[in-house]
């Protein structure tokens with residue numbers, strides 16, 4: 001897809017939602033539209049959302065992955081400060097969402113969830129973000145009852161020697177400033193790509209002008225080398241480092257260091273034989289060294305609580321898969337994958353800090369070690385021009401070992417995931433689909449630190465929906481309902497298994513008023529019930545809608561976005577998940593954002609905007625609680641971490 005012309009697939013302020021895959025598309029006309037300011041990426045095919053993170057965005061382009069995903073209908077973000085929020089989809093968070101960065105899973109290092117995997121993602125440095133809803137694929141792991149999120153760099157091949165790239169600068173309120181440079185040089189035989197990012201912000205203010213302990217500094221560097229000896233072969237190696245520090249308004253420690261080193265190796269060979277369409281293999285290594293303390297980014301308050309903690313996480317693994325075409329219209333993918341994950345901790349007591357002890361001289365103690373192996377088969381069959389079937393099965397073996405100061409223990413689980421789905425074109429404009437999926441998930445690191453003996457979750461879910469595109473109208477509806485046995489529910493100190501159910505969905509609708517003006521709306525809702533205790537299921541986001549109006553004549557562009565969020569009184573105070581705990585009911589709110597842009601020449605886009613135009617003071621229902629320890633440092637204690645007040649921003653991007 002050209003960087004300067006988008007097909008009508010993006011839903012949101014335009015809410016553009018493509019119809020079915022080509023084989024199901026019928027004779028529907030495809031509109032070719034100018035670039036747009038994206039306010040909510042939309043459904044591109046059944047249960048699949050695709051978006052280009054390099055496109056202009058409203059509200060202000062976020063500095064991490066969770067902030068970016070928040071703009072996709074059905075996603076929420078649990079705020080802790082200025083960065084490092086936890087993404088939530090349909091009320092599912094943590095390991096119920098699978099996040100793969102360049103094809104490999106990534107887990108944060110902090111045992112208190114300061115750094116969910118999305119904290120290490122600067123969205124604009126990637127080429128695509130894809131969300132696969134529900135347990136309707138087995139290719140990317142097991143236990144993904146919420147969704148699989150694929151954040152990828154895909155470097156286009158060169159047909160002749162050359163250099164290309166992207167650069168952007170962003171400045172805004174509260175000292176916000178981001179820089180990104182992405183340059184690729186290459187020839188038909190291969191390429192070398194270098195990416196650098198930096199993001200900074202001071203403490204932001206809420207709508208009442210109160211400072212929120214939220215400043216941060218982040219930067220990263222990435223080097224990608226690819227060998228392309230012919231049109232069907234790719235061997236690619238990449239390395240990335242990132243460094244950060246961040247203040248947190250929701251706890252008594254800050255992130256003094258987030259040091260990440262990652263390496264990836266990938267091989268792809270297409271078109272080996274008429275039967276073997278593709279062979280691919282990959283390997284990865286990740287190491288995260290994290291320091292959280294009570295004195296680097298805030299005033300030391302003393303007390304008996306530990307002064308510093310230094311966890312780290314080392315993960316490595318790989319994947320191999322083959323795509324087959326055994327018959328006309330039939331595709332089969334078969335693969336295996338595995339990973340090893342080791343987490344260690346060391347800390348510094350208040351007395352040791354006062355005595356000048358260096359934490360780096362203390363030994364690390366492993367607390368939990370995980371090893372996972374899996375195999376899968378996934379198939380798609382094109383019955384005819386209008387109908388398609390998809391199905392898959394995965395078997396995982398996961399072993400967890402508890403070590404260190406806790407009593408030694410081990411647990412091995414055999415976990416099953418499977419799905420089946422039918423897709424049906426109904427005329428030229430409609431695509432209908434329905435699927436049934438089942439997935440099983442073993443307790444993750446954060447859940448096992450609350451209670452090691454928790455049983456695996458088992459989710460059985462129905463997904464159904466429709467996509468529509470005809471003339472000026474485009475839209476989609478995605479609905480789901482599930483039953484969850486042994487759902488893992490957590491408090492601040494322990495956990496338990498319950499039986500639960502959730503249901504809800506997302507709707508998107510867009511209308512091209514004229515060639516330059518477009519309007520759109522989205523709606524997302526989820527409801528959860530604790531069947532065991534006959535109460536509301538904790539950490540379920542409230543009803544949310546967006547209304548957007550967009551203008552784009554090719555030179556000038558502008559957007560108006562209104563986000564409407566209902567109140568939420570279905571709570572289970574003190575219970576939740578690894579990302580957050582219910583702290584009480586919340587009120588509804590409406591937030592308006594505006595932006596305008598100008599393209600002075602090809603490849604250059606200047607945009608400016610105001611988020612939270614009316615300076616509303618509000619907090620999301622899914623938010624961490626404000627900590628009282630900051631009140632003595634001039635910060636106001638709040639029930640939840642308040643969102644930023646009125647924010648101005650200006651961004652320039654350049655493609656060459």
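Working ranking of peptides 398-408, 532-542, 261-271, 352-362 by packing, defined as the average number of other Cβ atoms within 10 Å per residue, highest first, is 532-542, 261-271, 398-408, 352-362.
Entry note, segment 6-655: relative contact order of 15 percent, from Cα contacts under 8 Å with a spacing of 6+ residues. Subtracting the Cα-Cα distance of residue 615 and residue 259 from their residue separation scaled by 0.36 nm leaves 124.7 nm. Averaging the Cα positions of each part gives two centres, and for segment 110-159 and segment 308-370 these lie 17 Å apart.
Of the residues 332, 131, the one with the fewest other Cβ atoms within 10 Å heads the list, and the complete ranking is 332, 131. Sequence-distant contacts, meaning Cα pairs under 8 Å at least 6 residues apart, place the relative contact order of segment 478-615 at 18 percent. In this structure, residue 202 and residue 299 have a Cβ-Cβ separation that, at R0 = 25 Å, corresponds to a calculated FRET efficiency of about 0.90. Remark: the residue 334-residue 393 segment gains 20.2 nm on full extension, using 0.36 nm per residue and subtracting the alpha carbon distance. Extending 7 Å from Cα along the Cβ direction at residue 428 and again at residue 364 yields two label points whose distance is 6.1 nm. Relative contact order of segment 82-207: 22 percent, from C-alpha pairs under 8 Å at least 6 residues apart in sequence. At an R0 of 51 angstrom, the distance between the Cβ atoms of residue 183 and residue 534 translates into a FRET efficiency of 0.30. With the simple model of a label 7 Å out from the Cα in the direction of the Cβ, residue 227 to residue 513 spans 5.6 nm.
How high is the FRET efficiency between residue 479 and residue 349 when r is their beta carbon distance and R₀ equals 35 Å, given to the nearest 0.05?
Approximately 0.10, to the nearest 0.05.
In this label model, residue 602 and residue 650 are separated by 2.8 nm, measuring between points 7 Å along each Cα→Cβ vector.
Judged by the mean number of other Cβ atoms found within 10 Å, the most tightly packed of the peptides 77-83, 427-433, 137-143, 58-64 leads the ranking 77-83, 58-64, 137-143, 427-433.
The share of C-alpha pairs in the chain whose separation exceeds 42 Å stands at 21 percent. Each stretch of four or more DSSP H residues adds -39500 (n - 2.57); spread over every residue of the chain, this sum gives -500 deg cm²/dmol at 222 nm.
Sorted fewest first by neighbouring Cβ atoms within 10 angstrom, 370, 621, 654 come out as 654, 370, 621.
Taken together, the values in this text are just the output of simple stated rules run on the coordinates, not laboratory data. Quantities reported herein were computed from a predicted structural model and do not represent experimental measurements. With ideal geometry, Cβ positions are generated from the backbone for all residues, glycine too; neighbour counts draw on all protein chains shown.
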